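Here is the structure we will look at, set down as structure tokens.
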Amino acid sequence: GVLRPKYNDWESFFRETQLPHLKECGFVESDVKSVEGFPVTPPAECEYYDFPEALAPTLFKSGEHGYHGLRAGAKAEEWKEIKADLTADSLKIEGHPVMERWETPYMNRLAEIATQKGGKVLEVGFGLAISATAIQGHDISEHVIIEANADVFKSLEEWAKKQPHKVTPMFGLWQDVVKTLPNDSFDGILYDTYPNSKEEQHTHQFGFIKEAHRILKPGGVLTYCNLTSIGVLRPKYNDWESFFRETQLPHLKECGFVESDVKSVEGFPVTPPAECEYYDFPEALAPTLFKSGNATATSSSSVAKATPSVAVHEAAASSDAAGAPEVAAGAAAKVAAAPAPPASGQRKRDKVKQNCTIS
């Protein structure tokens, strides 16, 4: 009765005077299902209320979302030799659910974003070969793939022998490999690896993206995925724009991107099965970022020399026979043969429920 007349609408009133306190009580923003202004007719002699509507909010207590089984203090180097449990439909490493086949339409969309400039494309994390196979269905000149797990890398090497476009597999942690890659050398990048520890569950992509800004050509395109984080965080927000602005954009700016580099923040429809341990939201993030500005200034330390822990392997189609790889050595986690996607003319995209531009 005192506060509501000071606001133009119920939404602004609720967001400023109620929501901060509700969050302190344990609710998250997405628990607020409706904020209704219900019509009332207080009599003229009423001492405590004279507004024509009254607040009727609806909140539901949500459960725990996403994956919470990551090990605290785990070292990235351990990832290389941990045995991978790899089937046609899933990849688990140390018992963690790294990737599942239901991600296929989503991975195809990320591949579509990363290859829109053609040319030389970097993929970080091989997994079940879903996005890798989709990338090979586009018109590119070279496909560099970094993979950190030894078992998964073996699968990558076999897969690479059968692809139509030149493949350069690189074994090792991306943290080691990316230092060896030259400035302004890739037209497109797709990053989709698994967090090595609990501490980096929500932020591991940004360490790489800082380097991605250096190795992308001006005008090059970047997309990335972190379902292990998004599955936990996204249900706390009402829309992708607010999620992205609060949890992603500040880190991207620290990586060298500016707000206008974010061309779209897409919520791509997905259908994870009920038994999926790491994701239960009906959409997944498919961002599109372009690197603006001029070529990256070269410094003596911008590209490190390859170390023994970084190994470069080249697997090219017969038409790509000669030529030494321009880059050196590997990082991340993902694998197994996936059926080839339909030709680009036949490929159809699922309807996108939400596509917003950060501006």
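Between rounded, prolate and oblate, where does the range 14-57 land on the alpha carbon gyration tensor, with a ≥ b ≥ c its root eigenvalues, rounded for a/c under 1.5, else prolate if a/b exceeds b/c? In terms of gyration-tensor shape, prolate. Counting only protein heavy atoms and a 1.4 Å probe, the range 243-295 has 40 square angstrom of accessible area per residue. Considering only beta bridges that DSSP places wholly inside the range 171-288, some 55 percent are antiparallel. Mean projection of the Cα convex hull over all viewing directions, computed for the range 1-116: 13.5 nm². For the set Lys92/Lys236; Lys154/Lys210; Lys83/Lys154, the pairs lying more than 19 angstrom apart at their alpha carbons are Lys92/Lys236; Lys154/Lys210. Counting Cα-Cα pairs of the range 79-226 in 5 Å increments starting at 0 gives whole-percent bin shares of 2, 10, 21, 24, 23, 14, 5, 1.
The Cα-based radius of gyration and maximum Cα-Cα distance (Dmax) for the range 236-297 are 14.6, 49 Å.
Ignoring ligands, DNA and RNA, what percent of the 1.4 Å accessible area of the range 123-200 is carbon and sulfur? Carbon and sulfur: 48 percent of the exposed surface of the range 123-200. Rolling a 1.4 Å probe across the protein heavy atoms gives the range 1-128 an accessible surface of 56 Å² per residue. Taking all C-alpha pairs of the range 84-133, those more than 13 Å from each other amount to 59 percent. For the range 173-244, the Kirkwood hydrodynamic radius from C-alpha pairs, put into Stokes-Einstein at 37 °C and a viscosity of 0.692 mPa s, yields a diffusion coefficient of 244 µm² per second. Computed with every protein chain present, the accessible area of Thr271 is close to 110 Å² [probe 1.4 Å].
Panel values: the range 148-206, Kirkwood radius from alpha carbon pairs, Stokes-Einstein at 37 °C and 0.692 mPa s, translational diffusion coefficient 241 µm²/s.
Once the Kirkwood radius over Cα pairs is known for the range 94-181, the Stokes-Einstein relation at 25 °C and 0.890 mPa s delivers a diffusion coefficient of 184 µm²/s.
The values are calculated or read from the model by the stated rules, or taken from the named source; none is laboratory data. The model shown is predicted, which means the values in this text are computed figures rather than measured ones. Heads up: the accessible areas ignore ligands, DNA and RNA and are worked out on the full protein's heavy atoms, side chains in. Shrake-Rupley method; radii C 1.70, N 1.55, O 1.52, S 1.80 Å.
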